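K.L.:
Sharing a structure below in structure tokens format, with a few things to ask.
The values are calculated or read from the model by the stated rules, or taken from the named source; none is laboratory data. Small disclaimer: the values here were computed from a predicted structure and weren't measured. Don't worry about glycine lacking a Cβ; one is built from the backbone with ideal geometry, like all the others, and counts go over all protein chains shown. Calculation scope for accessible area: heavy atoms of the full protein, side chains included, ligands and nucleic acids excluded. Shrake-Rupley method; radii C 1.70, N 1.55, O 1.52, S 1.80 Å.
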Amino acid sequence: MPYPFRPYSIPRRAEDEMRARAAAFADELASRRSVRAFRADPIPLDVLDACILAASRAPSGANRQPWTFVVVTDAAAKRAIRLAAEEEERKSYAERMDDEWLAALEPLGTNWEKPFLETAPALVVVFRHAYGCEPGPWSVSSSKGERTYQNYYSQESVGIACGFLIAALHHAGLATLTHTPSPMSFLARVLQRPENEKAFLLLPVGYPAEDCTVPAIERKPLDAVRVRV
Ligand code: IYR
């Protein structure tokens, strides 16, 4: 059955207003940096919820919304995640990353130690639904007899939602680290997620530590990233 369609519009802005808004948004995003040292101060969880709501407004393939955002504030759970992440990262730095990769990370000063997984007041773990499990209008019976449905472009969809989330948190005044310990399968185990959910991104969230520093890197200028045809 086709969805009913309803009228839709967005404000038609004067071009100068568009310019001002676009430039202000670009400026705001230019001040976002990945942070690896956090204050212990707790963050307002309702603010985090509002940012997750914003993220969940992202477009998704066939509107399947194939994501779950797990908010971890419990100290024991954060510790379990840190220990499991460090075990994987230790192996990555020692064996899995090739020389070119290690050389690329060296100026950033990262290593296998992930203290921020405990000091950050909250971790948001984003899970991608490889397929859908909720009974719903799309469900079909699988060979195992469970009712499931396919998702489409779930990687792209969840990636877009994560971009919305990182932008929303920065806009609200919270710092994040875009962290992808590899492999991330331990997160589904530690957080007891169902079979169809695959860890996609681990986002420590909080306020930057007082002595927080970030590497003095530059973003590419517009001319280096935009081509007009
Ligand atoms: N996941 C590893 C390695 C790492 C990879 C990239 I690409 C970075 O920009 C930073 C780190 C880690 O978290 O250390």
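K.L.:
Would you be so kind as to identify which of His179, Tyr149, Thr68 lies farthest towards the positive end of the dipole of the range 40-208, taking Lys and Arg as +1 and Asp and Glu as -1 on Cβ and the Cα centre as origin?
P.N.:
Tyr149
K.L.:
Please return the longest range in the chain lying between exposed loop sites, taking chymotrypsin sites (Phe, Trp or Tyr not before Pro), DSSP loop only, at most 14 other beta-carbon atoms within 10 Å, and leaving the sites out.
P.N.:
Working: sites that count: Phe5, Tyr8, Trp138.
Longest site-free region, per DSSP loop and neighbour criteria: 9-137.
K.L.:
Hey, any idea what Rg/Rh is for the range 95-140, computing Rh the Kirkwood way over Cα pairs? All intermediate terms of the calculation are to be shown ahead of the outcome.
P.N.:
Numbers: Rg = 18.8 Å, Rh = 15.1 Å.
Over the Cα atoms of the range 95-140, Rg/Rh equals 1.25.
K.L.:
Work out the charge dipole of the chain with +1 on the Cβ of Lys and Arg and -1 on the Cβ of Asp and Glu about the Cα centre, then indicate which of Ile217, Pro7, Ala37 is farthest towards its positive end.
P.N.:
Pro7
K.L.:
At a threshold of 8 angstrom on Cα-Cα distance, excluding pairs fewer than six apart, so keeping six or more, what relative contact order does the range 40-208 reach in percent? Could you put the intermediate results ahead of the total?
P.N.:
Working: 268 pairs, mean separation 59.0, N = 169.
Worked out over the range 40-208, it gives 35 percent.
K.L.:
Suppose the Debye formula is applied to equal point scatterers at every Cα of the range 40-208; what is log10 I(q)/I(0) at q = 0.11, 0.13, 0.16 Å⁻¹?
P.N.:
-0.51, -0.70, -1.00
K.L.:
Can you compute the charge dipole magnitude of the chain about its Cα centre, using +1 on each Lys and Arg Cβ and -1 on each Asp and Glu Cβ, nothing else charged? Give it in debye, rounded to the nearest 20. Provide the component values of the computation, followed by the final result.
P.N.:
Details: 28 positive and 29 negative charges, 168 e Å.
It works out to roughly 800 debye.
K.L.:
Could you check the spin-label model distance between Gln150 and Leu105? Points 7 Å from the Cα along Cα→Cβ, value in nm.
P.N.:
In this crude spin-label approximation the distance works out to 3.6 nm.
K.L.:
Here's a follow-up. For the range 1-116, calculate the relative contact order in percent as a whole number, restricting contacts to Cα pairs under 8 Å that are 6 or more residues apart. Present the calculation step by step, with values, prior to reporting the outcome.
P.N.:
Numbers: 24 pairs, mean separation 27.0, N = 116.
RCO, the range 1-116: 23 percent.
K.L.:
Under a 10 Å cutoff between Cα atoms, tell me which one of Ala55, Ala94, Ala161 has the largest fluctuation in the Gaussian network model of the chain.
P.N.:
Among Ala55, Ala94, Ala161, the largest mean-square fluctuation in the Gaussian network model of the chain belongs to Ala94.
K.L.:
Could you check how much of the accessible area of the range 14-151 is carbon and sulfur, as a whole percent, using a 1.4 Å probe? List each step's numbers first, then the result.
P.N.:
Numbers: 4380 of 8150 Å².
Within the range 14-151, the accessible surface is 54 percent carbon and sulfur.
K.L.:
Same structure again: Might you tell me the accessible area per residue for the chain, computed with a 1.4 Å probe and given in Å²?
P.N.:
Numbers: 14790 Å² over 229 residues.
In whole numbers, the chain has 65 Å² accessible per residue.
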